[in-house]
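Quick notes on the structure that follows.
The values are calculated or read from the model by the stated rules, or taken from the named source; none is laboratory data. Since the model is a prediction, treat every value here as computed from it, not as a measurement. No Cβ is skipped: glycine too gets one built from the backbone with ideal geometry, and neighbour counts run over all protein chains shown. Side chains included, ligands, DNA and RNA excluded: accessible areas come from the protein's heavy atoms. Shrake-Rupley method; radii C 1.70, N 1.55, O 1.52, S 1.80 Å.
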Amino acid sequence: MTVQHVTYAGFWVRTIAFILDLTFIMSVFYLLFDFLLGDSNHEFYITISKLCLFCFYFFIFTYFFGQTLGKMVVGIKVVSKQNEKIAWEEVLLREVIGKFISIALAFSGFLLVAIDPQKQSIHDKLGNMNVIWEKR
């Protein structure tokens, strides 16, 4: 049995990946909602749709690829602490419930990455995952 050394991805690289993801998502939102639908009287439904698509993007990419487009660009990925395939339940805990809790705590759940030894946020801990640098 070999022990693999991993390097945990820190706060700033994860922030850059998130900004890249936001850029992609906002572009898609513009095309879908603003450009195609134009001015709409259904702001509430559009806002709910955007929130659902936002969560769906992070859930799908993390579940199937272990990384979002932003994480792919910077070279980091989400892995199970047990080095197993990530279960959908863990991804749901991490990407939806855990991130909601992090936001509800005035974003302090995200800032935990800066001081945690394994650079885990609240949503990483809930999903039992780490974010690591990819081997290239």
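Could you count how many residues in segment 98-136 are open to solvent by less than 10 Å² (accessible area, probe 1.4 Å) and in contact with a His (Cβ under 8 Å, 6 or more places away or on another chain)?
Residues that pass the stated criteria total 3.
Could you figure out which of (1) more than 17 Å from Gly10 (Cα to Cα); (2) in contact with a strand residue (DSSP E or B) (Cβ under 9 Å, 6 or more places away or on another chain); (3) of a type outside the set (A, V, I, L, M); (4) at pLDDT 95 or above isn't true of Glu90?
Evaluating Glu90 over (1) more than 17 Å from Gly10 (Cα to Cα); (2) in contact with a strand residue (DSSP E or B) (Cβ under 9 Å, 6 or more places away or on another chain); (3) of a type outside the set (A, V, I, L, M); (4) at pLDDT 95 or above leaves (4) as the failure.
Right, Val96: in contact (Cβ under 8 Å) with a residue 12 or more places away in the chain, farther than 17 Å from Ala17 by Cα and of a type in the set (A, V, I, L, M, F, W, C) or not?
Answer is yes for this residue.
Consider Val79 carefully, then state whether it is touching a residue at least 40 places away in the same chain (Cβ under 8 Å), among the β-branched types (Val, Ile, Thr) and surrounded by 13 or more Cβ atoms within 10 Å (Cβ to Cβ).
Yes; evaluated as a whole, the condition is true for this residue.
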